[in-house]
Structures are given as structure tokens and as C-alpha cells.
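K.L.:
Pasting a structure here, questions to come.
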Amino acid sequence: MTTATSATRTPPATATTATPRTPPRSSAPSLPSLTGLRWIAALLVFGLHVRNFGYFGGTGGRVMTWGFGAGATGVSFFFILSGFVLMWSARPGDRTLTFWRRRFARIYPVHLVTVAIALLMAYTLDRGARPEPLQGLANVLLVHSWWRPWWQTLDPVSWSLACEAFFYAAFPLLALLLRRLGARGTTALAGASVLTVLVLSRVDAHQWLSQPVNSLPVARLPEFVLGAAVARLVILDRWRGPGLEASLAVAIIGYFFVPQVTAGYPATPCTLIGFALLIPAAAVADLRDQPSLWRHRRLVRLGELSFAFYMVHLLVLRAGVHLLGDSPRFGLPTALAVTAGAFALSLGLSWVLYEAVERPGRRLLLRKRRSAARRPATPPEPGSRALEASAVGAGPGHGTDRADDGAGHRPSVPSPDSRHDRRDGRESRRIE
């Protein structure tokens with residue numbers, strides 16, 4: 001997951017004052033709306049797990065199912081966002097090992113701490129969750145999602161980090177491909193990614209494979225590729241998607257259509273298009289300084305904590321089973337109070353993880369790069385917007401990070417008129 005929190009903005013471009021192609025990076029705006037949206041995706045996943053743990057009985061349970069039964073699609077949002085942010089922030093000429101080092105520093109400190117917490121819980125609270133040594137090692141190395149029996153080892157949500165690790169391994173080749181493709185080729189790749197998701201969803205719904213594909217990293221790669229392709233179109237000033245309000249409407253309609261299809265991966269196509277429209281629409285809204293609810297400073301701050309929140313919240317809920325029982329089905333007032341307590345504890349722990357583990361861990365692992373960061377920036381590639389590094393998770397590790405690979409310091413998107421002128425010249429307690 002990636003955050004971009006700086007508040008610097010430039011006035012929107014107009015037909016009479018077209019934005020320079022490569023303005024000074026210090027004056028370019030950030031993409032805080034993407035950080036705010038990350039928090040909403042993490043909140044959907046939290047709501048899904050509260051529903052799965054059975055806190056709400058009766059009407060409250062039905063309302064939770066209606067509102068959060070499709071919450072697993074938040075992970076799909078993280079995958080698409082991760083591809084968008086990594087492509088947006090890719091540094092031309094950046095070395096592969098340098099990129100991998102930044103990604104390792106972004107996700108691994110929090111991952112190791114949550115592994116330690118999950119191990120402590122396994123040996124004290126829930127002895128049935130003790131992993132075998134090889135199983136635990138696979139989780140630490142983020143390869144456990146490749147084999148279905150191990151996909152929810154220790155901290156169950158870490159399966160998505162194993163997918164992200166695979167995305168990071170593939171990204172240098174993907175970035176190279178996208179830089180060689182023109183706008184038409186990039187659009188074709190985005191369309192092929194959507195088509196692949198549709199085919200895989202049908203394959204999974206009819207159980208044509210020996211195991212579900214929901215947690216298989218290679219099956220989730222098309223969502224990541226889609227996000228990267230969309231980012232490339234924005235970089236090339238060739239994105240022609242709808243605005244923020246229309247994109248949000250498409251995403252919401254898709255979200256509430258999820259219960260009509262088979263649960264799990266087959267539901268992914270319902271929100272795929274909406275998310276692929278919403279993410280660039282939010283980015284463009286920030287670049288043009290257009291109104292955006294997701295840019296609110298509190299949402300941005302929560303978005304900064306979203307990766308840690310995502311990684312710790314399910315451990316909090318699992319620990320609560322020993323106090324509250326399994327599927328207690330409380331009445332509405334009690335269920336709301338218990339949920340608020342679990343949320344507050346998860347948020348508090350996420351703040352501790354962010355301030356005491358995530359940020360200092362990243363600084364420690366990247367400290368030798370500080371001098372290199374002071375060197376003159378690599379000139380932007382011809383024919384594209386200036387790319388600046390500063391992603392989930394998110395990515396679950398899905399997201400943007402101001403110091404690593406957030407979408408900060410970007411040139412403004414030109415107005416439609418200036419773009420025209422340029423064209424004239426060229427199901428259970430699982431996180432499914």
C-alpha cells in the first residue's frame with residue numbers, strides 16, 4: 001500500500017495556460033486521494049471480518065452482510081492500486097535490485113512483527129494454529145500463497161503480501177514492456193487483463209482447476225497489470241475515463257452486485273472496472289486540484305495507517321474469540337460496542353506499528369541510499385510525464401508511501417484543450 005500525503009498543489013491548467021510538460025518537481029502536486037481511498041478499502045475488509053466473526057445477530061447481522069459481505073473486494077482494489085502507484089512512481093533507469101530493496105523495506109518490517117505476534121498467539125491462545133516449521137518458513141518468505149493448504153498461515157491476511165511479492169518480482173519486466181508500448185498497446189494490455197480476469201473467474205466458479213485461484217499470485221497478477229496499464233495511460237496524457245463521481249458510482253454498483261455471483265474470486269469482475277476507473281479518476285482530480293472527498297486530511301492520515309491496520313486487525317479479532325466466544329451473535333448495542341472496541345484497538349496498534357516499526361524500519365533499511373537520493377534526478381523519458389518515486393497493498397503492502405513510492409510530486413494533468421492541442425501534434429473467517 002502506498003501513501004502520498006504532501007499537500008502542495010498547483011492551480012488547474014487552463015486552455016490559455018497549459019501546464020508545462022515537465023515542470024519543476026518541487027511545485028508538482030501529490031495524490032492524497034489515493035491514500036484516502038486506501039483507508040476505505042481497508043475498512044471494507046475489516047467490516048467483512050467483523051461480519052464473519054459473528055458479532056451481530058438478527059437484523060444487525062443481515063445489515064452487516066448487506067454492507068460488508070463484499071468486503072473482500074477491497075483486496076482487489078489494493079492490487080489494482082499497487083500496479084497504478086508502482087508504474088506511476090517508477091524511476092526511469094532505476095536498477096531492479098534498488099526497486100526490490102525499496103519494496104522489501106516497505107512491507108517486511110511490519111510483516112515480520114505481525115508474524116511474531118501471530119506465533120505468540122499460536123503458542124499461547126490458539127495452539128491449534130501452530131504452523132509446521134516449513135509452513136512457517138513459507139510464510140516468512142512470502143511464498144505460502146502458492147500452495148492452498150498454507151495460504152492463511154499465521155496472520156491470515158498475509159496471503160495478499162505473498163501475491164504482492166510476486167508482483168514486485170515481475171514489475172521490472174512489466175515496466176519495461178509498458179514503456180515500449182504506445183497508448184494503443186497499453187490500452188490493449190489493459191483490455192487483455194480484464195479479459196483474463198473474466199476467464200479466470202469462470203474457471204474458478206466451475207472448479208475446473210484442482211484448487212481455487214483466489215489466493216494464487218499468478219491469478220491475481222492481471223489486476224496488478226491493469227492498474228499499471230491505467231497509470232501508464234495517465235502518464236501519457238491518454239486517459240479518457242469518467243470523472244470521480246461517475247467512477248465512484250460504477251464502483252459502488254459493482255460492489256453491491258457481488259452477492260449475485262459466486263463468492264470468492266468469481267466476484268472479482270464485479271468491481272474490476274469500477275476500481276480501474278476510480279483510481280485514475282481520483283489521481284486526475286488531485287492533479288487538476290478538483291474537489292475530492294478522499295483528500296481530506298483525516299482520511300489521508302488513516303490511509304497512512306491502513307497497511308498496518310490491515311495486517312493487525314484480524315489478529316485482534318482472533319484474540320477476541322477467547323474473550324467473546326465463537327460467533328456470539330450479540331444484540332445491536334452490545335455488537336456495536338464490541339466492534340468499536342475491536343476497531344479502536346486495531347487502529348491503536350496500527351499507529352504503534354506505523355510509528356515504531358514501519359517508518360523506522362524503512363529508514364533503517366534504506367539509510368545507505370540517502371546520499372544517492374540527493375543526486376540530480378534522472379531526466380524523464382521522452383514523450384511521457386515526469387516520473388518520481390516516493391505503493392498496497394498494498395499494497396496490503398498495497399499503497400503509496402511518500403518516502404518510498406507514493407505518488408507525490410507529479411506534474412499537473414493538462415486541461416482537455418491543451419491535451420487536444422498536443423494530440424494534433426502527436427465465505428468463512430477468511431479474507432477471500
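K.L.:
Identify, by number, the condition in (1) outside any helix (DSSP H, G or I); (2) in contact with a Ser or Thr (Cβ under 7 Å, 6 or more places away or on another chain) that Leu154 doesn't meet.
P.N.:
Checking Leu154 against (1) outside any helix (DSSP H, G or I); (2) in contact with a Ser or Thr (Cβ under 7 Å, 6 or more places away or on another chain), the one that fails is (2).
K.L.:
Out of everything in segment 315-343 that is at pLDDT 95 or above and of a type in the set (S, T, N, Q), what residue ends up being least open to solvent (accessible area, probe 1.4 Å)?
P.N.:
Thr339
K.L.:
Among the residues of segment 173-216, which ones are open to solvent by 60 Å² or more (accessible area, probe 1.4 Å) and either among the acidic types (Asp, Glu) or in a loop (DSSP other than H, G, I, E, B) (or both)?
P.N.:
His206, Gln207, Trp208, Leu209, Ser210
K.L.:
Scan segment 299-310 and tell me whether some residue there is open to solvent by 60 Å² or more (accessible area, probe 1.4 Å) and in a helix (DSSP H, G or I). Show your work before the answer.
P.N.:
Within segment 299-310, the subset open to solvent by 60 Å² or more (accessible area, probe 1.4 Å) is 301.
Restricting the remaining residues to those that are in a helix (DSSP H, G or I) gives 301.
Yes.
K.L.:
Next question, about the same structure. Mind checking whether some residue in segment 3-11 is modelled with pLDDT under 95 and under 30 Å from Arg318 (Cα atoms)? Break it down into steps so the answer makes sense when it comes.
P.N.:
Keep residues of segment 3-11 that are modelled with pLDDT under 95, which gives 3-11.
Now restrict to residues that are under 30 Å from Arg318 (Cα atoms): 3.
Scanning segment 3-11 turns up at least one residue that is modelled with pLDDT under 95 and under 30 Å from Arg318 (Cα atoms).
K.L.:
Suppose we filter segment 344-375 for residues that are farther than 13 Å from Val110 by Cα, of a type in the set (S, T, N, Q) and either modelled with pLDDT of 95 or more or within 21 Å of the chain's Cα centre (by Cα) (or both); how many remain?
P.N.:
The total comes to 1.
K.L.:
To continue, here is another question. For segment 76-111, how many residues meet the condition of being part of a loop (DSSP other than H, G, I, E, B) and of a type outside the set (A, V, I, L, M, F, W, C)? Explain how you work it out, then say what you get.
P.N.:
Here is the first cut: in segment 76-111, the residues part of a loop (DSSP other than H, G, I, E, B) are 90-95.
Right, trim to of a type outside the set (A, V, I, L, M, F, W, C) and you get 91-95.
Qualifying residue count for the region: 5.
The values are calculated or read from the model by the stated rules, or taken from the named source; none is laboratory data. It should be emphasised that the depicted structure is a prediction, and the values quoted were computed from it without experimental measurement. As a convention, Cβ positions derive from the backbone with ideal geometry for all residues, glycine included, and neighbour counts pool all protein chains shown. With ligands, DNA and RNA removed, areas are computed over all heavy atoms of the protein, side chains included. Shrake-Rupley method; radii C 1.70, N 1.55, O 1.52, S 1.80 Å.
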